[in-house]
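Q: Okay, handing you the structure first.
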Amino acid sequence: PPSRSFADYVIETVIEDLQEEYGYEYEQASEMVYSGGLKIYTTMNSEVQSIVEDELNDASNYPAALTST
């Protein structure tokens, strides 16, 4: 699944855009995003993102001096 922070950012941006472009209230725009049938396409590749997150969270990828506590 996509990174939650990225997905949250995209959803909030779409909601804000719907409010600005079409004058919807937050609740209306949110309803459209979550259950109104809208499809959101992004440039994010979830497979690549997952690999990157795994590598960033792998302590063996960092010098011992940076990972020791």
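Q: Looking at the stretch 21-55 only, could you name the residues that are open to solvent by 100 Å² or more (accessible area, probe 1.4 Å) and either in contact (Cβ under 8 Å) with a residue 40 or more places away in the chain or within 17 Å of the chain's Cα centre (by Cα) (or both)?
A: Scanning the stretch 21-55 gives Tyr34, Lys39, Tyr41, Thr43, Glu47.
Q: Among the residues of the stretch 1-20, what is the count of those that are free of Cβ contacts under 8 Å to residues at least 40 places away in the same chain and in a loop (DSSP other than H, G, I, E, B)?
A: 0
The values are calculated or read from the model by the stated rules, or taken from the named source; none is laboratory data. What you are looking at is a predicted structure, and each value in this text was computed from that prediction instead of being measured. Cβ atoms come from the backbone with ideal geometry, glycine included; neighbour counts cover every protein chain shown. For the accessible areas, the whole protein counts, side chains as well, though only heavy atoms, and no ligand, DNA or RNA atoms are used. Shrake-Rupley method; radii C 1.70, N 1.55, O 1.52, S 1.80 Å.
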